[in-house]
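The values are calculated or read from the model by the stated rules, or taken from the named source; none is laboratory data. What you see is a predicted model; the values in this text were computed from it and never measured. Glycine gets a Cβ as well: all are built from the backbone with ideal geometry, and neighbour counts include every protein chain shown. What goes into the accessible areas is simple: the full protein's heavy atoms, side chains included, and nothing from ligands, DNA or RNA. Shrake-Rupley method; radii C 1.70, N 1.55, O 1.52, S 1.80 Å.
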Amino acid sequence: MNYKNIDLHNVEEIRTTPDKSGVMIYRFPFDVIDMLKEAGSYESRSNTGCEIRFITNASIIWLTMEAVKNDAVLTVFLGDIIYKRYVLKAGVKTTLQLEKNAEFGKVNQEIINSLNKRFPISLWRICINNNATCILYDVNGLDGFIRPPMPEELPEKKWLAYGSSITHGCWTDDTSNSYIQIAARMLGVDVLCKGMSGSCKCEREMANYIKKADWDFATLELGVNMYKLKTKEFKKRVHYMINEVYNANKDKKVFVFTPFPSYFSFGLDKDKTEKHTDYVRILTEIVEEIKSDNVILIRGEEILNDNSYLCYDMLHPSEYGHQRMGENLYNKLKDLI
């Protein structure tokens, strides 16, 4: 989404603040947000994976933002090169000063070209982490222009990643190090983080949104947030999600993940393990019934292929686990997209 002189990545809707001084940004449109219940209503409002992007010739930039309710961690990149991390204190309107490194002007073109990978080094990317919600007030290039990136300055392909807190990037110190972000960087694609911590429940409204969204390939990490559902209800929801997304995008690849290994699958609780087995079977059968080379099943244990990737809760991957999962997913997808 272009807003004024910047690009808002992974943003579907903005809402002006009551005093009209800024805008709140959202990963989902409000016709989806308003229909979600309980945790889904909250998680759909989080800005995880949203980015403020711009190119400027200014040597100094003032970025004014505010975190709402919870503190927000911002990771600032130039291209894919990390610049700095900041913490926005909740309820405090804050202006950050970003400055271009004068040493870049002394670096030869060969070195600059080596830094221009997925994004050009001239592209500022302010990435919002840790499930925060933010208000954007202003981006001001004090001594120069600011503009949104041109299409040719962005990756050719967009990947929509829907899933649980694992896809959302929980338990990473910085969600730019989540498995989807790592795989996206290795694949050279842009990723739209649609993770829904604790609330990835395949609602019809979510399925209808995903099938119409702007993406070139999609991953659906399904199951772990739906173990409380009856198996019949789980089947109904994921059948609708997978078939609707595929039928509206038959020329695009849709990758369906079975649940990653966790305490649900470790045999610690017979009922949980049986449900995990049922969910894997149901997802496998749905993909097989579609009979399309563009709907591809990826088994969770192929991505989280070492239980030591998990944190002590035996559910969420550690930051190291996310890194290894990102590499494993890259190896799965690199020849298919």
Spin-label model distance (nm) - Asp269 vs Thr17, 7 Å beyond Cα toward Cβ: 4.3
Qualifying aspartates and glutamates (Cα of each under 13 Å from Cα of Lys100; at least 8 residues distant if same chain): Asp143
Cross-link partners of Lys93 among aspartates and glutamates (Cα-Cα below 12 Å; sequence separation of 8 or more within a chain): Glu66, Asp71, Asp138
Point-to-point label distance, Asp143-Met314, nm (Cα→Cβ direction, 7 Å offset): 5.9
FRET E, pair Thr277, His239, Förster distance 22 Å, beta-carbon r, rounded to 0.05: 0.80
Helix-only mean residue ellipticity at 222 nm for the chain, each DSSP H run of n ≥ 4 adding -39500 (n - 2.57), per residue, nearest 500: -8000 deg cm²/dmol
Accessible area per residue, Å², the chain with all protein chains present, probe 1.4 Å: 45
Fraction of accessible area attributable to carbon and sulfur, segment 201-270 (%, probe 1.4 Å): 47
Proximal charge balance of Asn57 [Cβ under 11 Å; K/R count +1, D/E count -1]: +1
For the chain, the longest site-free run once GluC sites (Glu not before Pro) in DSSP loop states with at most 16 other Cβ atoms within 10 Å are removed: 157-337
Solvent-accessible area, 1.4 Å probe, carbon plus sulfur percent, for segment 61-168: 53
Cross-link pairs Lys253/Lys332; Lys157/Lys211; Lys4/Lys157; Lys230/Lys250; Lys37/Lys228 - those with Cα-Cα distance over 20 Å: Lys4/Lys157; Lys230/Lys250
HN-Hα J in Hz across segment 189-196 - Karplus 6.51, -1.76, 1.60, θ = phi - 60°, x for Gly and Pro: 10, 8, 10, 9, 7, 10, x, 10
Accessible surface of segment 2-56, 1.4 Å probe, proportion on carbon and sulfur as whole %: 50
Three principal axis lengths of segment 33-96 [C-alpha, angstrom, descending]: 45, 25, 17
FRET efficiency estimate (nearest 0.05) - Cβ-Cβ, Lys252 to Thr95, R0 41 angstrom: 0.50
FRET efficiency for Glu302 and Glu152, using Cβ-Cβ distance with R0 set to 35 Å, rounded to 0.05: 0.50
